[in-house]
Amino acid sequence: MLLAVAVACSQGARAGVAEISGRMPALAGELLSGGHLTPADYRGKIVVVNFWNPFCGPCIEEAPNLVRAWRELRGQGVLVVGVHFVGGDWPSSIPAAERFLRRYGVTYPVLEDPSSALARDFGIQGIPSTVVVDSAGEQRFRILGGVKPGQLEELVAGLRA
């Protein structure tokens, strides 16, 4: 699934970004806010999938950047989806996750991943980790660590160019 990895050493959108390839695993399930996410909700859209946990310091630091990107990009055919990562050292706490979402004003859909199946399907080994998928459903980038200000906006613009 992971064919090419090129981590940039410079500043900007490519710092801490790996180029990846392969079809995006299906994102579907119950949302923390209620309702469900299905593949029909993101078909033909650029999808940003962010794996996080409310007890993760870097996840807390990146939250305002993700919220800002969502507000800017959602009207442009981009869907941000959060995945509440659990397992290993990261506990599952729905109340803590809900407090996190309220505190940071997260309004994009957030899936619970109680068995870590989505994390395994995406090859996630640590958090925060973010995968950017093009509108054809192909994984293109993995952001290693927290999302930086403007990073998603630049990556999405590059996919459209």
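Helix-only arithmetic for the chain: the sum of -39500 (n - 2.57) across DSSP H runs with n ≥ 4, divided by the residue total, places the mean residue ellipticity at 222 nm at -8500 deg cm²/dmol. Less than 5 angstrom separates the built amide H of V110 from those of L32, S33, G82, all sequence-distant by 5 or more or on a different chain.
What net charge is computed for the residues neighbouring G34, neighbours being all others with C-beta under 15 Å from the C-beta of G34, Lys and Arg scored +1, Asp and Glu -1?
Around G34, the charge tally is -3.
Measuring nothing but how far apart in sequence close Cα pairs (under 8 Å, 6+ apart) lie, relative to its length, region 17-160 scores a relative contact order of 38 percent. Give me the one-decimal nm value for the distance between modelled label points at E30 and S115, 7 Å along each residue's Cα-to-Cβ direction. That separation, rounded to one decimal, is 1.4 nm. Applying 0.36 nm per residue to the separation of R160 and D41 and subtracting their alpha-carbon distance, the gain on full extension is 40.9 nm. Stretching F55 away from T107 to a fully extended chain increases their span by 16.8 nm, per 0.36 nm per residue minus the current alpha-carbon distance.
Each other residue within a Cβ distance under 11 Å of D121 adds +1 if Lys or Arg and -1 if Asp or Glu, for a net charge of +1. Projected label points at R74 and E138, each 7 Å from Cα along the beta carbon direction, are separated by 2.9 nanometres.
The fraction of Cα-Cα pairs per 10 angstrom bin, counted from 0 for region 17-160, comes to 12, 48, 36, 4 percent, rounded to whole percents.
Coordinate-derived values only; no laboratory data. Computed from a prediction, not measured in an experiment: that's the story for all the values here. Glycine gets a Cβ as well: all are built from the backbone with ideal geometry, and neighbour counts include every protein chain shown.
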